Amino acid sequence: MNFQHLIKVEDPQKYIDMAFNEASKKAYQERQKKSPKKWTKTDKSRRIESLRVETVAKRLAKDLKTIIESFPSIDNLDIFYQELIKTALDYVHLKKSLGAVNWLINTLKRLQAEYVRKIKKSRAIRDMNAARKEFYGRAVSLLKQIKKELAFLENSRKIMKSFPAIKTETPTVAIAGFPNVGKSTLLKEITGSEPKIASYPFTTQQLMLGYLKDKEQGLKIQFIDTPGLLDRPLKKRNIIEKQAILALKHLAKLMLFVFDASEECGYDLFEQEKLLRDLKKEFKVKTIIAVNKSDISSAADLEAMKKKYSDAIFVSAKKKENIRELTEEIKRKIKLLRKC
């Protein structure tokens, strides 16, 4: 999903100016046209004033409709993005603001019909002018009435444009583990390319995205490394970070937890195991354990890890050892999950 297409929401005055300018141009063009022989000056004015009302109403409705159509239907989004929106924005306010814009579109259509009828029934040119001016005044007043809603939508647009472009339909593996355990290096080795960097809203963190394709098996897997998010216990998080993690929880189909058996990362194995337990409670998805830096870890530590985690895969991202074995296990697990 990509939110870059969201259209800038302008201040009410900008929409008013554009609509009035378009109406003035069309009125001028109409004046230059040759009128039917039977038309009087009053008939010509009736046509011009009706045209000005129709043009303003239609232009405003068109611009406002463009705003609504550029915003996605929140309830139809993947739950990952629904959670992001609910975390980053006032979800109820967003829906009400879009509803206010939709209300104004319908009101403008009704007023257009009402004032065109009034102009057509008028016999004096001054009455036609007065009706058109009255419509202009009401249109301006109504648009300014939703000024706060438009400002809120513009602010929401800016926030939503910062959302990462995640392929929510693609099976996703969340990579977790303490800082400096080798997650980003492992991601690069598994996918065979440098990860893409994407911002993650309402945090100072960035996501590292990588993709693994296997044409023979018809597989495409999305990997997300989350520096600063899945690298410390949840109890040490603020509310916003916890909500950011909960959004990721809806996306991940599999978790790849990376241990540093050498403890070179600055966290001992006890702390790393505690983080694993913490994340498994939250994510409740299948987990693959990769024990990294096995080439520089002590034999005793490796043996202890093998006893505790019999399914763990011992790798060295730096030396590219057992990367293929780990990759095949990820593919196997994803294929099994797809069958469920």
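Taking amide hydrogens as placed 1.01 Å from N in the peptide plane, the amide H of Lys286 sits under 5 Å from those of Met255, each at least 5 positions away in sequence or on another chain. GNM on the chain, alpha-carbon springs under 10 angstrom: the most fluctuating residue among Val140, Val116, Val92 is Val92. For segment 67-77, the Karplus equation 6.51 cos²θ - 1.76 cosθ + 1.60, evaluated at θ = phi - 60°, returns couplings of 4, 4, 5, 6, 7, x, 6, 4, 5, 9, 6 Hz by residue, with Gly and Pro reported as x.
Could you tell me which of the pairs Lys167/Lys215; Lys249/Lys335; Lys235/Lys335; Lys167/Lys319; Lys120/Lys148; Lys161/Lys281 are separated by over 24 angstrom between their Cα atoms in the structure shown?
Values: Lys167/Lys215 18 Å; Lys249/Lys335 19 Å; Lys235/Lys335 33 Å; Lys167/Lys319 30 Å; Lys120/Lys148 35 Å; Lys161/Lys281 32 Å.
In this structure, Lys235/Lys335; Lys167/Lys319; Lys120/Lys148; Lys161/Lys281 lie more than 24 Å apart at Cα.
With θ taken as phi - 60° and the Karplus curve 6.51 cos²θ - 1.76 cosθ + 1.60 applied, the whole-hertz 3J(HN,Hα) list for segment 218-224 is x, 10, 9, 10, 9, 10, 10 Hz, x standing for glycine and proline.
Would you please report the Å³ per residue occupied by the convex hull of the alpha carbon atoms in the chain? All intermediate terms of the calculation are to be shown ahead of the outcome.
Working: hull volume 57.9 nm³, N = 340.
Once divided by residue count, the hull of the chain is 170 Å³.
In this rough spin-label picture, where each label sits 7 Å from Cα along the Cβ direction, the Glu282-Glu329 distance is 2.3 nm.
Order the peptides 67-79, 29-41 from the highest to the lowest mean number of other Cβ atoms within 10 Å of their residues. List each step's numbers first, then the result.
Values: 67-79: 13.6, 29-41: 9.5.
Output ranking for 67-79, 29-41: 67-79, 29-41.
Shown is the FRET efficiency for Lys147 and Thr42, computed with R0 = 30 Å from the Cβ-Cβ distance and rounded to the nearest 0.05: 0.20.
For segment 12-161, the dipole from Cβ point charges (+1 on Lys and Arg, -1 on Asp and Glu) about the Cα centre works out to 1420 debye, to the nearest 20.
For Leu77, what is the net charge nearby, where nearby means another residue's Cβ is under 14 Å from its Cβ and Lys, Arg count +1, Asp, Glu -1? Each step should come with its number before you reach the end.
Working: positive: Lys86, Lys95, Lys167; negative: Asp75, Asp78, Glu83, Glu169.
Net charge in that neighbourhood comes out at -1.
A simple charge model with +1 on the Cβ of Lys and Arg, -1 on the Cβ of Asp and Glu and nothing else charged puts the dipole of the chain at about 3320 debye relative to its Cα centre. Taking all Cα-Cα distances within segment 12-161, those exceeding 25 Å account for 41%.
Ranked by the mean number of other Cβ atoms within 10 Å per residue, highest first, peptides 251-260, 105-114 order as 251-260, 105-114.
Report the one residue of Ile296, Ser73, Gln272 whose Cα lies farthest in the direction of the positive end of the charge dipole of the chain (charges on C-beta: Lys and Arg +1, Asp and Glu -1; origin at the Cα centre). After comparing all options, I get Ser73.
Length gained on full extension, Lys58 to Ile74: 3.1 nm, using 0.36 nm per residue less the C-alpha separation.
Summarising the amide proton neighbourhood of Leu219: residues at separation of 5 or more, or on other chains, whose placed amide H is nearer than 5 Å comprise Asp214. Between Asp268 and His93, the FRET efficiency estimated from the beta carbon spacing at R0 = 41 angstrom works out to 0.35.
Report the full-extension gain for the segment Ile7 to Lys307: residue separation times 0.36 nm, less the Cα-Cα distance, to one decimal in nm. Intermediate values should be presented prior to the final figure.
Values: separation 300, 0.36 × 300 = 108.00 nm, distance 5.62 nm.
The span from Ile7 to Lys307 would gain 102.4 nm if fully extended.
No lab work stands behind these numbers, since they all come straight from the coordinates. What you are looking at is a predicted structure, and each value in this text was computed from that prediction instead of being measured. Cβ: placed from backbone, ideal geometry, glycine included. Neighbour counts: every protein chain shown.
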